[in-house]
Structure formats: structure tokens, C-alpha cells
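A short worksheet on the structure shown next.
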Amino acid sequence: MPAATRFMPALFVLLWATGFIGARYAMPWSEPFGFLAVRFALAALLLAAIVTALGQTWPTRRQATHAVIAGVLTHGVYLGGVFWSIHRGLPAGISALIAGLQPLVTVLLAAWLLGERVSRRLMAGLAVGLVGVVLVLWPKLGVTGAGVNAATLVASLIALLGICAGTVWQKRHPGGDSLVAAAMWQYVGASAVMTIASLLTETGEFTLNGELIFALVWLTLVLSIGAIFLLMVMIRQGEMSRVASLFYLVPAVTAVIAWLLFDERLTAVQLVGMAVATFGVALATVQPAMRARASE
């Protein structure tokens with residue numbers, strides 16, 4: 001396995017975990033759908049310029065359509081639901097806990113739609129990883145507040161189903177030879193659905209300041225291009241169930257980043273949860289030695 005490919009999962013988890021930084025800075029100054037529409041549009045323009053500059057092959061109309069659908073689900077439905085629920089007061093810990101169900105739901109969808117084999121070892125790893133996620137988020141779950149209601153919980157569940165369906169769709173319909181061009185069409189679809197949602201439900205008001213600009217630049221370059229590109233590569237190269245299990249590590253890495261940047265306290269329970277989640281992901285993703293040698 002090339003060194004770049006070996007370190008790709010760790011880099012993806014690190015980049016994906018920084019997403020909360022942009023959301024934390026952006027949401028006080030902008031409505032969620034409008035912000036995401038601009039973010040996705042900027043990402044699509046940047047990727048279109050890269051495809052043109054490199055002279056890469058554009059997807060066919062059918063491939064582009066599949067990429068648009070994947071983008072609507074993976075970016076539009078998922079981030080739209082997450083940002084909207086947090087903007088309406090849902091505590092980030094509860095939102096993250098619902099999103100933490102993603103690996104299990106994705107594995108079930110991959111087994112059903114893609115025919116991927118679900119071994120006992122994999123299911124055990126996913127179960128252990130979920131326990132670790134709960135432990136990491138446990139200190140944040142006590143803060144419920146008025147934001148916990150049917151609307152915000154349903155939005156979070158829709159977001160969960162969106163990213164699970166979107167990742168399985170990408171595996172089933174890759175969207176052409178060029179990952180960059182496929183990602184561009186994904187953001188075209190995501191920006192379109194977020195623009196429609198913003199026009200129908202929001203006022204269009206925002207406060208342009210340093211925090212909003214930083215959040216927009218960070219989330220566009222680091223998340224929408226860097227992290228998503230890595231995710232697409234891993235989806236194409238590996239089993240969906242093993243790729244999905246990496247999301248169990250995100251809350252732990254996010255907690256460490258919050259401790260470093262915002263001085264948020266790390267409890268003993270969270271530290272134990274990090275270790276448990278890491279063990280669960282290892283159990284789900286690392287091939288047994290004898291099986292690995294047999295496949296060589």
C-alpha cells in the first residue's frame with residue numbers, strides 16, 4: 001500500500017473533525033441554507049477551474065446526473081439538516097450523537113444495496129465504536145435546552161439518512177474517471193438545493209465580518225474540497241462499511257481540537273471513550289493477519 005494511501009484515513013478524520021470550527025464561527029452571522037449555498041457554489045467554481053486547467057475529462061451526462069444526486073444527499077441534505085438543527089438550538093452533542101449512527105446505517109445500506117458482506121468482526125467493531133462515541137459525547141448530552149424538539153430531531157435524522165444514502169450512491173455510481181469533475185457536479189447539486197431551501201425559508205440576511213469570512217474560506221477549502229476529495233478516493237478504493245467506520249473517530253478528534261483551541265475540558269470519561277472508539281474502528285477496519293496474507 002502506498003504511503004499516501006496509508007495515511008489518507010487519518011488525514012480525512014483530522015480534516016473532517018475541523019468542520020465544527022467553521023460552523024461555530026459562521027452560524028451566529030448567517031442563516032444556514034444561504035451560507036451553505038454560497039459555500040457549495042464557491043467550491044464548484046474552484047473545482048471547475050481546476051478541471052479546466054488540468055484538461056481532465058468531464059463526466060458524461062449520466063455520470064454527472066449521478067454525481068448531482070450524490071451531492072444533494074451527501075452535502076445538501078446532510079449539512080443542511082445539521083446546520084439547520086444547530087441553528088435552531090439543538091445542542092451540538094446531541095446532533096453529533098445522531099450523526100454517530102452513520103457507520104451502522106451505512107453498513108446496513110451497503111449490505112442491502114451493494115451486497116457487501118457484513119462479518120461478525122465488523123459488526124462487533126461498529127458496536128464497540130458506537131459505545132466509544134457515546135462516551136466521548138456524554139458530557140455534552142446533559143445540556144438539552146429548548147432546541148431539543150421534534151423538528152430539530154427529525155432534521156438531524158434526515159441529515160443522517162442523507163449522508164448514508166449519498167455515500168452508498170457514490171460507491172454504486174462513481175460519476176466518471178475524474179474525481180475533481182465528479183466533486184464539482186456534486187456541489188452544483190448541493191448548491192442548487194440549498195439555494196432553493198434558502199429562498200423558500202430564509203430572509204437572506206447576514207453579517208459580513210472576519211469570523212464569517214474565515215468560516216466560509218475554511219469550510220470551502222478544507223472541508224468541501226480537501227476532506228470530501230479524500231472521502232471520494234476512499235469510497236472508490238475500499239468497502240463502504242470500513243470507510244464509514246472512520247466517522248466514529250471524528251467526535252474524539254473534535255474534542256481534542258476543542259481542548260486545544262477553545263480550552264474545553266476533557267474528562268476521564270471522554271478519554272476512555274476515545275480509546276474505546278479507536279479500538280472499535282481498528283476492529284472494524286484492520287484485516288486479520290492470516291486473512292491478509294491469504295489475499296496476497
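The values are calculated or read from the model by the stated rules, or taken from the named source; none is laboratory data. This structure is a prediction, so every number in the text was calculated from the model and none was measured. In this analysis, Cβ positions are derived from the backbone assuming ideal geometry, glycine residues included, and neighbour counts consider all displayed protein chains.
Examine the stretch 185-197 for a residue that is at pLDDT 85 or above, surrounded by fewer than 22 Cβ atoms within 10 Å (Cβ to Cβ) and farther than 30 Å from Gln56 by Cβ, and state whether such a residue exists.
For the stretch 185-197, residues at pLDDT 85 or above, surrounded by fewer than 22 Cβ atoms within 10 Å (Cβ to Cβ) and farther than 30 Å from Gln56 by Cβ: present.
What's the number of the condition Val180 fails, among (1) in contact (Cβ under 8 Å) with a residue 60 or more places away in the chain; (2) within 23 Å of His87 (Cα to Cα)?
Just one mismatch for Val180, condition (2).
Would you check if there is a residue in the stretch 40-56 being surrounded by 19 or more Cβ atoms within 10 Å (Cβ to Cβ), touching a His at 6+ places or on another chain (Cβ under 8 Å) and not small (Gly, Ala, Ser)?
Yes, the stretch 40-56 contains a residue that is surrounded by 19 or more Cβ atoms within 10 Å (Cβ to Cβ), touching a His at 6+ places or on another chain (Cβ under 8 Å) and not small (Gly, Ala, Ser).
If I filter the stretch 198-216 down to residues being more than 22 Å from the chain's Cα centre (by Cα) and of a type in the set (Val, Ile, Thr), which single residue comes out as nearest to Gln63 (Cα to Cα)?
Thr201
Within the stretch 198-217, can you find the residues that are within 30 Å of Thr106 (Cα to Cα) and buried (at least 19 other Cβ atoms within 10 Å of the Cβ)?
Scanning the stretch 198-217 gives Ser198, Ala215, Leu216.
Within the stretch 39-61, can you find the residues that are of a type in the set (A, V, I, L, M), under 18 Å from Ala192 (Cα atoms) and in contact with a helix residue (DSSP H, G or I) (Cβ under 7 Å, 6 or more places away or on another chain)? Let's see the steps before the verdict.
At the first step, the residues of the stretch 39-61 found to be of a type in the set (A, V, I, L, M) are 41-51, 53-54.
Still in the running and under 18 Å from Ala192 (Cα atoms): 41-48.
Of everything in the stretch 39-61, those that are of a type in the set (A, V, I, L, M), under 18 Å from Ala192 (Cα atoms) and in contact with a helix residue (DSSP H, G or I) (Cβ under 7 Å, 6 or more places away or on another chain) turn out to be Ala41, Leu42, Ala43, Ala44, Leu46, Leu47, Ala48.
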